[in-house]
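K.L.:
For reference, the structure I am asking about is given below.
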Amino acid sequence: MKFELTILGNTSPFPSKGRLPTSQILNINERLYLIDCGEGTQIRMNELGIKRMKIDHIFISHLHGDHYYGLFGLLGSYRVSRRTQPLHIHCPEGLKELIEFEAKISYAGEFMFPLHFHTTNAKKAEKILDNKDLEVSTIPLRHGEIPTTGFLFREKTGERKMIKSKIKEYNIPFQKIPAIKKGGFFKLPNGKVIKNTELTLAPPPAKTYAFCSDTAYFTGLIPFIKNVDLLYHEATFNAEDGVDAGKKGHSSTLEAAKIAKKGKVKKLIIGHFSTRYRDLEALADESRTIFENTEVAEEKKTFVIA
Ligand SMILES: [Zn+2]
Ligand SMILES: [Zn+2]
């Protein structure tokens, strides 16, 4: 199943030359999930040919403007282009009122499509989405006073794979195969039972992506991101400037790397870089001194989880 992350924006706290605030698109089996929606999200999607109508779920980590100012424009586009399919926004308390207020003062009237707000709880991890392709849970983060969550995306693994040669060997009727793929056994005409493990192979392991938006370094995060295929962790500051990043509710390059190492993740991507930094590879190099498989969450780049 396709599981690809495209970075739309990686800067903070405002757009800078050629760079945009936080926004990402996760493509799972050709369904698009928008994660944060900083200013310029639509413009970047247009540049990359990403179709906004393919988004049915939007996840907003917290209500600092660099993570949701793009939402007003996106919702306006849906309105003008006469979207009809439902849209779900998973977000902290308060955003619903803000969107409704904007609709009121602009005399835009009701949205013509069902718009569902799902309030996240920054105090504890909760499952917030469960569909045929994936499960999404929140990750409580520490970002000063403001309620902030990350999101953990876990692919549904699907059914076991039938070993084709066994169908012929045991003369298994076609109509028995769906039950065997779900874990069932097969009984031969002589009564002998063939165990499922002889007939099928386990599905590939579930692919996972953890998005940790703005947060101070804290080891309580580790159980939530343990062993994920891909971890995005903010690294607002370099090592030198980030000595006291936690006091500002943020992390340094070294702190992001420490979380990745302790969580035994497969790959770390860092982002949410302060506009003061132009050499982003130098930031990744700092992280690599602790966690080698680090990459910059480079804008317009797609990370494929195979
Ligand atoms: Zn923030
Ligand atoms: Zn931010």
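Read-outs throughout are calculated quantities, based only on the coordinates presented, and are distinct from any laboratory measurement. Nothing here was measured: the structure is a model prediction, and the numbers come from that model. Please note: Cβ atoms are built from the backbone with ideal geometry, for glycine as well, and neighbour counts cover all protein chains shown.
K.L.:
Calculate the radius of gyration of the Cα atoms of the chain to one decimal place, then report Dmax, the largest Cα-Cα distance, as a whole number, both in Å.
P.N.:
22.2, 76
K.L.:
Assuming 0.36 nm per residue, please report the length gained on full extension of the stretch Lys182 to Lys262 beyond their Cα-Cα distance. Walk me through the numbers on the way to the answer.
P.N.:
Values: separation 80, 0.36 × 80 = 28.80 nm, distance 3.53 nm.
Gain on extension, Lys182 to Lys262, equals 25.3 nm.
K.L.:
Ok, one more. Calculate log10 I(q)/I(0) of the stretch 44-122 for q = 0.11, 0.13, 0.17, 0.23 Å⁻¹, where I(q) comes from the Debye formula with a single equal point scatterer on each Cα and nothing for solvent.
P.N.:
-0.28, -0.40, -0.69, -1.27
K.L.:
Hey, which of these cross-link pairs are over 32 Å Cα-Cα: Lys176/Lys264; Lys17/Lys267; Lys96/Lys300; Lys124/Lys261; Lys132/Lys166; Lys127/Lys301?
P.N.:
Details: Lys176/Lys264 41 Å; Lys17/Lys267 28 Å; Lys96/Lys300 29 Å; Lys124/Lys261 23 Å; Lys132/Lys166 28 Å; Lys127/Lys301 28 Å.
With Cα atoms farther than 32 Å apart: Lys176/Lys264.
K.L.:
Here's another thing I want to ask about it. Grab the other residues whose beta carbon is less than 12 angstrom from that of Gln42, score K and R as +1, D and E as -1, and report the net. Walk me through the numbers on the way to the answer.
P.N.:
Values: positive: Arg44, Lys51, Arg52; negative: Glu39, Glu47.
Neighbourhood net charge equals +1.
K.L.:
Assuming R0 = 41 Å, can you tell me the calculated FRET efficiency for the pair Asn131 and Ser16, based on Cβ-Cβ distance, to the nearest 0.05?
P.N.:
On the way: r = 36 Å, r/R0 = 0.89.
Step by step, r from the Cβ atoms, then E = 0.65.
K.L.:
According to the Cα gyration tensor, what semi-axes, each the square root of 5 times an eigenvalue, does the equivalent ellipsoid of the stretch 258-306 have, listed from largest to smallest in whole Å? Walk me through the numbers on the way to the answer.
P.N.:
Numbers: eigenvalues 67, 44, 14 Å².
Whole-Å semi-axes of the equivalent ellipsoid: 18, 15, 8.
K.L.:
Next question, about the same structure. How big, in percent, is the set of alpha carbon pairs in the stretch 202-306 lying more than 21 Å apart? Working shown, then result.
P.N.:
On the way: 1501 of 5460 pairs.
Result: 27 percent of Cα pairs exceed 21 Å.
K.L.:
Going through the stretch 63-92, which trypsin sites (Lys or Arg not before Pro) have at most 11 other Cβ atoms within 10 Å and a DSSP loop state?
P.N.:
Details: sites: Arg79, Arg82, Arg83; in loops: Arg82, Arg83.
Taking the stretch 63-92 and a limit of 11 other Cβ atoms within 10 Å, the loop trypsin sites (Lys or Arg not before Pro) found are Arg82.
K.L.:
Using 0.36 nm per residue, how much length does the chain from Phe117 to Val193 gain when fully extended, once their Cα-Cα distance is taken away?
P.N.:
Numbers: separation 76, 0.36 × 76 = 27.36 nm, distance 5.04 nm.
Full-extension gain reported as 22.3 nm.
K.L.:
For the stretch 75-128, which chymotrypsin sites (Phe, Trp or Tyr not before Pro) are both in a DSSP coil and crowded by at most 11 other Cβ atoms within 10 Å? Could the numbers behind the result be given before it?
P.N.:
Details: sites: Tyr78, Phe101, Tyr107, Phe111, Phe117; in loops: Tyr107, Phe111.
Loop-located and lightly packed - Tyr107.
K.L.:
For the stretch 161-201, compute Rh as the Kirkwood radius over C-alpha pairs and then the Stokes-Einstein diffusion coefficient at 4 °C and 1.567 mPa s; write the answer in µm²/s, rounded to an integer. If you can, show how the numbers build up before the last one.
P.N.:
Numbers: Rh = 10.0 Å.
The calculation lands on 129 µm²/s.
K.L.:
Divide by every residue of the chain the summed helix terms, -39500 (n - 2.57) for each DSSP H run of at least 4, and state the resulting mean residue ellipticity at 222 nm, rounded to the nearest 500 deg cm²/dmol.
P.N.:
Working: 9 runs with 68 residues, N = 306.
Dividing the helical sum by the residues of the chain leaves -6000 deg cm²/dmol.
K.L.:
Report the residues of the stretch 17-53 in range of a label on Val80: point 7 Å along Cα→C-beta, backbone N strictly under 14 Å from it.
P.N.:
42-43, 46
K.L.:
Mean projection of the alpha-carbon convex hull of the stretch 64-163 over all orientations, in nm²?
P.N.:
On the way: hull surface 35.7 nm².
With the hull built on Cα positions only, its mean projection is 8.9 nm².
K.L.:
Using Stokes-Einstein with the Kirkwood hydrodynamic radius over Cα pairs, what translational diffusion coefficient do you get for the stretch 234-277 at 37 °C and a viscosity of 0.692 mPa s, in µm²/s rounded to a whole number? Write out the running numbers ahead of the final one.
P.N.:
Details: Rh = 10.5 Å.
The calculation lands on 313 µm²/s.
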